[in-house]
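Below: the structure, in structure tokens.
The values are calculated or read from the model by the stated rules, or taken from the named source; none is laboratory data. All of these numbers come straight from a predicted model, not from anything done at the bench. Cβ placement follows ideal geometry from the backbone for every residue including glycine, while neighbour counts extend to all protein chains displayed.
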Amino acid sequence: REFYEGLLMDCSGGGVCVDVHAYPSTRNAKMLLQTLGSIATHTGGKVFYQHDFIWNRDYMRIYEDLHRLLTSPLAFMCEAKLRTSTGVAVDKILAPFGGPRVLYDQTAFRIPRMDADMTIAFLCKHVQQLDSVKQVYVQFVCAYTPLQPMESGRSPDGSHESSPPRRYLRVHTLSMPVTFSLSSLFRFAECASTSSAGQLILPDSLKLLPVYIMSLFKHAAFRSSEVREDERIWHLIRFMGLPVHAYPGLLYPRVFPIHRSYLEKAREKKMLQRAGLPTGVADNVYLPDSLAATGVKISSDGVFLCDVGTALFLYVGQHVKPEYLAALFGEGAVVNEENAPFLQLRTDDDSAGSIVSRIVGQIRKDKATLPYLPLRVVNANSLDETRLLTHLVEDAIAGEGCYVDFLCGLHKMVHSKLDES
């Protein structure tokens, strides 16, 4: 512990950022992410983690992570502060880092490195009445040194010398209106103007809030069932610093139907025939219509692509026709637990593998600002299938009920609150 404390102190004092790459090859290997992750988060670094790592399956993920890390815009020696107008004050800073080495106080911090993926939240509170104020202002200021080659010149004696790195200042200012009318507050939140006492109506911007709350309880970072310590810590670190637009895909996965061998409805058949074809806009292709994240929608004669936010799972049912497997992976392809990690999609034109490759490419393109999504083939009755089922959040998972039960419980809580008032 003393060694890591000293390392963290040296890195923070010298403006050095630490990134941690942990790729255990065995399921039960311990990587001490609780300690190593603390060094990364307190210096502005990232934690890259992949359990049950297989090099000839997961090498592309390492390559893409390193490429993204080395080519993304970075800011070093960052010092930031949030200022507020009269009547409002900062109560707490919510970030992966903390402690006296990083925080000056609840409004300001310094950290060796920041990147475009880092998210920092400030919790503000009222400190006095805002009777005479029409607007509240919040301003975030950050001084930093960008990653760029130092400018060099010649000294009077003819020798080369390097000028000190330039410091830049970035300022963001936000203005928010103040209202004392409850009706205005509801109007700005797009809430329904009238509703019955027993009906739960949410504004359009909050209609998905219940399913996201339920998904949060079932996520590996928070669910009570057995989750490896390193995996839980990795998810917690990601949650604390992930960009806001990445949370929906991480909490509620998208399930895309790719193929049905036997039972295929007319509308579904038309939709699947269009999937992977060019849209006519740039080089984009059509994606299949997504399904609800529940096992009811997964059939044994089908192939489904599941985007869980950290990876893409291509699930192959046990009753898929061999002809389609050949069109997907090549002649004689057999999907089982031994060879599933090493199967490659066919790339020749008009094959099923080529269509799936275009769909995968479109999903990755839509999430180009987020970390790379590796593709993993999942066969029925395997360990990966069990892992995939934990992402189908509308089903009962780890002691948490299904989505319908969650909504019923939420409705009872609303009734209880109304009765109390």
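Some points to look at:
- Options GLY276, GLY309; residue that is crowded, with 18+ Cβ neighbours inside 10 Å, touching a Gly at 6+ places or on another chain (Cβ under 6 Å) and not in a helix (DSSP H, G or I): GLY309
- Only one entry of GLY45, GLY13 meets the criterion of being closer than 18 Å to ARG113 by Cα and modelled with pLDDT of 90 or more, and that entry is GLY45.
- Filter result for ARG346 (of a type in the set (Lys, Arg), buried (at least 18 other Cβ atoms within 10 Å of the Cβ) and more than 21 Å from the chain's Cα centre (by Cα)): yes
- From the list ASP289, ASP283, the lone residue that is surrounded by 12 or more Cβ atoms within 10 Å (Cβ to Cβ) and in the same structural domain as PRO341 (by TED's automatic domain parsing) is ASP289.
- Number of residues in region 318-334 that are in a loop (DSSP other than H, G, I, E, B), under 18 Å from SER354 (Cβ atoms) and in contact with a Leu (Cβ under 9 Å, 6 or more places away or on another chain) equals 3.
- All positions within region 353-369 that are touching a helix residue (DSSP H, G or I) at 6+ places or on another chain (Cβ under 6 Å) and closer than 13 Å to LEU312 by Cα: none
- Selected residue (criterion: surrounded by the fewest Cβ atoms within 10 Å (Cβ to Cβ)) from residues of region 1-22 that are out of contact with any helix residue (DSSP H, G or I) (no Cβ under 7 Å at 6 or more places or on another chain) and not in a helix (DSSP H, G or I): ARG1
- Screening GLY409 against (1) of a type outside the set (Phe, Trp, Tyr); (2) at pLDDT below 95; (3) buried (at least 17 other Cβ atoms within 10 Å of the Cβ); (4) in a helix (DSSP H, G or I) leaves a single unmet condition, (3).
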